[in-house]
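Encoded as structure tokens, the structure appears first; notes follow it.
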Amino acid sequence: MLLNRVEFALMNNPVRAAIQRRFEAARLLRMGGPLQGGAALEIGCGRGVGAELILDLFGADGVDAFDLDPRMIVRARERLRSRASRARFWVGDATSIPVPDSIYDAVFDFGIIHHLPRWRPVLAEVKRVLKPGGRFYAEEVLGRFIQQPIARRLLEHPQSDRFDREVFCAALTESGLELLRSEELWRSFAWFVARKPAAA
């Protein structure tokens, strides 16, 4: 689903970018390690901050990224214009990723899956597009935060079938991914690193 005006403003400011860089991405890097090259995919790329981090912090050779909002794709392409040969962007839907099976060394989710009414099929798509042994890095907002009265008033999130850390971990396993690590903050935010089994 598209962001409402409040969320659009929250996601497109320097404070959000700083939190993503210094805290969220740094935590995922500590949990799952760098890529040391390879091809990566970001689902829900926003204005391109995550794609930048995937190249600069995680060390991917190249990144593909998509977002449901065409305005975000315009911003992302502009942000990484000098690295257009290493960063490709398109408008797309995380429940149906238009790429072949088993082509990415890593897939990244910087707080996108909780926006989707049907989020479980996204995990199946993540597994499908990962190479055997490829990693899934996810930072997510949990149901406890989404269902708080203030969050419900200001932000536009689906309210049914929301997940806590345990439910998301179980869904990763059910999708065929192997959970490597998960961490949680205030029972409202969580980080996950999973892997597609090498024998899959």
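Among (1) over 21 Å from ASP69 (Cα atoms); (2) over 11 Å from the mean Cα position of the chain (by Cα), which single condition is ALA25 missing?
(2)
Just give me the residues in segment 74-89 being in contact with a Phe, Trp or Tyr (Cβ under 8 Å, 6 or more places away or on another chain) and either small (Gly, Ala, Ser) or surrounded by fewer than 16 Cβ atoms within 10 Å (Cβ to Cβ) (or both), in sequence order.
If the condition is that a residue be in contact with a Phe, Trp or Tyr (Cβ under 8 Å, 6 or more places away or on another chain) and either small (Gly, Ala, Ser) or surrounded by fewer than 16 Cβ atoms within 10 Å (Cβ to Cβ) (or both), then ALA76 is the only one that fits.
Quick check on my filter: what residues within segment 184-200 are among the charged types (D, E, K, R) and in contact with a Ser or Thr (Cβ under 9 Å, 6 or more places away or on another chain)?
LYS196, the sole residue that qualifies.
Does segment 70-100 hold any residues that are farther than 21 Å from ALA25 by Cβ and either within 15 Å of the chain's Cα centre (by Cα) or in a strand (DSSP E or B) (or both), and which are they?
If the condition is that a residue be farther than 21 Å from ALA25 by Cβ and either within 15 Å of the chain's Cα centre (by Cα) or in a strand (DSSP E or B) (or both), then TRP90, VAL91, GLY92, ASP93, THR95, SER96, ILE97 are the ones that fit.
For segment 37-56, does any single residue satisfy the condition of being part of a strand (DSSP E or B), more than 20 Å from TRP191 (Cα to Cα), modelled with pLDDT of 95 or more and in contact with a Phe, Trp or Tyr (Cβ under 7 Å, 6 or more places away or on another chain)?
Our first condition is that a residue be part of a strand (DSSP E or B); within segment 37-56, this holds for 39-43.
Restricting the remaining residues to those that are more than 20 Å from TRP191 (Cα to Cα) gives 39.
Restricting the remaining residues to those that are modelled with pLDDT of 95 or more gives 39.
When the remaining residues are screened for being in contact with a Phe, Trp or Tyr (Cβ under 7 Å, 6 or more places away or on another chain), the result is 39.
Scanning segment 37-56, I find at least one residue that is part of a strand (DSSP E or B), more than 20 Å from TRP191 (Cα to Cα), modelled with pLDDT of 95 or more and in contact with a Phe, Trp or Tyr (Cβ under 7 Å, 6 or more places away or on another chain), so the answer is yes.
Working carefully through the options ARG71, ARG118, ARG128, find the one that is surrounded by fewer than 23 Cβ atoms within 10 Å (Cβ to Cβ), under 19 Å from PRO158 (Cβ atoms) and charged (D, E, K, R).
One residue alone meets the criteria, ARG118.
Tally the residues that are within 24 Å of ARG181 (Cβ to Cβ) and in a loop (DSSP other than H, G, I, E, B), restricting the search to segment 104-125.
Summing the residues that are within 24 Å of ARG181 (Cβ to Cβ) and in a loop (DSSP other than H, G, I, E, B) in segment 104-125 gives 4.
Give ARG16, ARG27, ARG128 a once-over and let me know the one that is closer than 24 Å to PHE163 by Cβ, touching a strand residue (DSSP E or B) at 6+ places or on another chain (Cβ under 6 Å), part of a helix (DSSP H, G or I) and among the basic types (Lys, Arg).
ARG27
Could you grab the pairs with beta carbons closer than 7 Å, sequence gap of 6+ or different chains, first residue in segment 73-95 and under 14 Å from VAL63 (Cβ atoms), second one of a type in the set (Lys, Arg) and at pLDDT 95 or above?
If the second residue must be of a type in the set (Lys, Arg) and at pLDDT 95 or above, the pairs left are PHE89/ARG77.
Could you tell me which of the residues GLU139, GLU184 is at pLDDT 95 or above and closer than 27 Å to ALA39 by Cα?
The unique qualifying residue is GLU139.
Within segment 57-67, which residues are buried (at least 19 other Cβ atoms within 10 Å of the Cβ) and part of a loop (DSSP other than H, G, I, E, B)?
Matches in segment 57-67: PHE58, ALA60.
Looking at GLY59, GLY38, GLY32, GLY48 in this structure, which one is of a type outside the set (Asp, Glu), at positive phi and within 16 Å of the chain's Cα centre (by Cα)?
Among GLY59, GLY38, GLY32, GLY48, only GLY48 is of a type outside the set (Asp, Glu), at positive phi and within 16 Å of the chain's Cα centre (by Cα).
Test each condition in (1) at pLDDT 95 or above; (2) in contact with an Asp or Glu (Cβ under 7 Å, 6 or more places away or on another chain) for HIS114 and report the one that comes out false.
(1)
The values are calculated or read from the model by the stated rules, or taken from the named source; none is laboratory data. What you see is a predicted model; the values in this text were computed from it and never measured. Quick reminder, even Gly has a Cβ in these numbers, built from the backbone with ideal geometry, and neighbours come from all protein chains shown.
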